[in-house]
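Derivation of every value follows stated rules applied to the coordinates shown; laboratory data play no part. These numbers come from a predicted model, not from an experiment. For neighbour counting, all protein chains shown are included, and Cβ atoms are generated from backbone atoms with ideal geometry for every residue, glycine included.
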Amino acid sequence: MTYSSFLQSEFLILWRRKQDVLNALLFFILVVALFPIGVDPSPAFLAPAAGGIIWCAAVLSILMAIEGAFKEDYLDGSLEQLVTSGLSLPLLMLLKVLALWGCVVVPLLLIMPLLSEMLFLPSTVFWVLILTLLLGSPSLFFIGLIGSALTVSLRQGSMLMMLLILPFYFPVIIFATSAVHAAQAGLSYSGSLAMLLAMSLLSLVVSPVMTAIAVKASVN
Amino acid sequence: MRWVWFHKLGSPKWFFFQSKSWVLPLLGLGSIGLIVGLVWGLAFAPADYQQGDTFRIIYIHVPAAMLAQSCYFALGAAGFVYLVWQMKMAPIFIKAIAPIGAVMALIALVTGAIWGKPTWGTWWIWDARLTSVLVLFFLYMGIIALQSAFDDVMLANKATAVVCVVGLINLPIIKYSVVWWNTLHQGATFSLAEKPAMSAEMWLPLLVSVVGFYLFIAGLVLWRMQSEILQREHRSSWVKKEVMDRGL
């Protein structure tokens, strides 16, 4: 096994199990739909809240997508193969995040125009929202993967994983929605975007190592 | 040579016998500090000229909030020690201190709400401090839940240590993001810092109370660690001897 063959197989697995990604997307749209139905369908409420609604829904659906990231690998023993392969485990984890991020976030971005139209998001703010998703979502994946690796050996791990990981998502949501709000108010939003990027870079450094430790502990 | 004490910390037996004589004095001093600080603060300290007697809850609220944060730093440090040196005592310490930290965060939240009702007119606002203590509480609960979810002790140790370290890295980010978020949305925050500067009659009992809280919690943590050591090492001969000779 090499790094490139690992990346290839990850993409292939995700492609063959595309129903999972599709489910996460459908879940995302459903959560977004809850807000107009449950709170208020008028543009006066939805337009200012759109950034927050989309981010909350995105966080939940990304958690759904990450939650099972190691389950199959753990059950069929390929996780052990990764540990004993002699390749750097943190690097493999980094590649795994890369594959997962590409397969979940790209479709998410593709349906974003539709959803922002449904939530009456002004078109000037739309691109800011896309930018926050692009810059902020890597850190969601990196942090989430730690939780997924920690709870993979548990039968009822998914609830626990959400309980563990959601508090760590607070800062990302805060900075992302404040960037959208600042853009809506006509203020400068580059500071929030820089913070999102900084958090993604920090988790890029910390998370693969931590995920590798968690995978090693879970496999033993 | 100076690091010998640090390496000895890795031995539960050494720790057990070293810490045995510490628990009672710590708990005793802590109780005295608590009683003196609280009675002094609640009954004898002068009333605040703005808030009247309502401010007296500070003598419970502030120590609890301080401990909730201190416990988390200790937790993160122990997680780091475990990940780097695989020290046996670190997970025992984490297991002993996590529920205490959670209770302290809860006390800070509840007393804060009780204090907020008469002074701010509301039980809860999404103020930066309140929100960050709430997140802290959730972090504690996550760690406790994770620790109790595993049957395998080694795996539970590793997993909680990872979460503690990640939490320690994230704690400042969470704290400052909340501060930033809050100040962006509402100009004037209700801040504890805006209270008039305290006179000595007011902060002295607070100091005594804080020290009492710390000592009491230190004793409690040691006590919990000792029972955890006995439980984890129940197969070893020194535990059998200890229990047979002196009982539980």
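Structure summary
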quantity: Convex hull volume per residue for segment B:1-109, taking Cα atoms only, in Å³; calculated: 131
quantity: Anisotropy class of segment B:101-188 from Cα gyration tensor, a/c 1.5 cut; calculated: oblate
quantity: Table column - 3J(HN,Hα) (Hz), segment A:179-187, Karplus curve with 6.51, -1.76, 1.60, x for Gly and Pro; calculated: 5, 5, 5, 4, 5, 5, 7, x, 9
quantity: Positive-end extreme of charge dipole, segment B:32-175 - chosen from B:GLY112, B:PRO63, B:ILE35 (charges on Cβ); calculated: B:PRO63
quantity: Rounded to whole Å, sorted largest first: equivalent-ellipsoid semi-axes of chain B, Cα gyration tensor; calculated: 37, 24, 14
quantity: For segment B:215-227, Karplus couplings with θ = phi - 60° (6.51, -1.76, 1.60), whole Hz, Gly/Pro x; calculated: 5, 4, 5, 4, x, 5, 5, 4, 4, 4, 5, 5, 5
quantity: Value at 222 nm in deg cm²/dmol, rounded to 500, when DSSP H runs of n ≥ 4 in chain B each add -39,500 (n - 2.57); calculated: -27000 deg cm²/dmol
quantity: For segment A:55-64, 3J(HN,Hα) per residue [Karplus equation, 6.51 cos²θ - 1.76 cosθ + 1.60, θ = phi - 60°, Hz, x = Gly/Pro]; calculated: 5, 4, 5, 5, 4, 5, 6, 5, 4, 4
quantity: Segment A:60-211: relative contact order in percent, alpha carbon pairs under 8 Å with at least 6 residues between; calculated: 33
quantity: Neighbourhood net charge (12 Å Cβ-Cβ; Lys/Arg +1, Asp/Glu -1) for B:THR111; calculated: +2
quantity: Radius 13 Å from Cβ of B:TRP40, net charge of other residues (Lys, Arg +1; Asp, Glu -1); calculated: 0
quantity: Global geometry of the protein assembly as shown, whether rounded, prolate or oblate, following the gyration tensor of its Cα atoms and the 1.5 cut on a/c; calculated: oblate
quantity: Relative contact order (%) - chain B, alpha-carbon pairs under 8 angstrom, separation at least six; calculated: 35
quantity: Packing-based ranking, highest mean first, of B:82-89, A:89-96, B:45-52 given that Cβ atoms within 10 Å are counted; calculated: A:89-96, B:82-89, B:45-52
quantity: P(r) tail fraction, chain A - alpha-carbon pairs more than 26 Å apart, %; calculated: 36
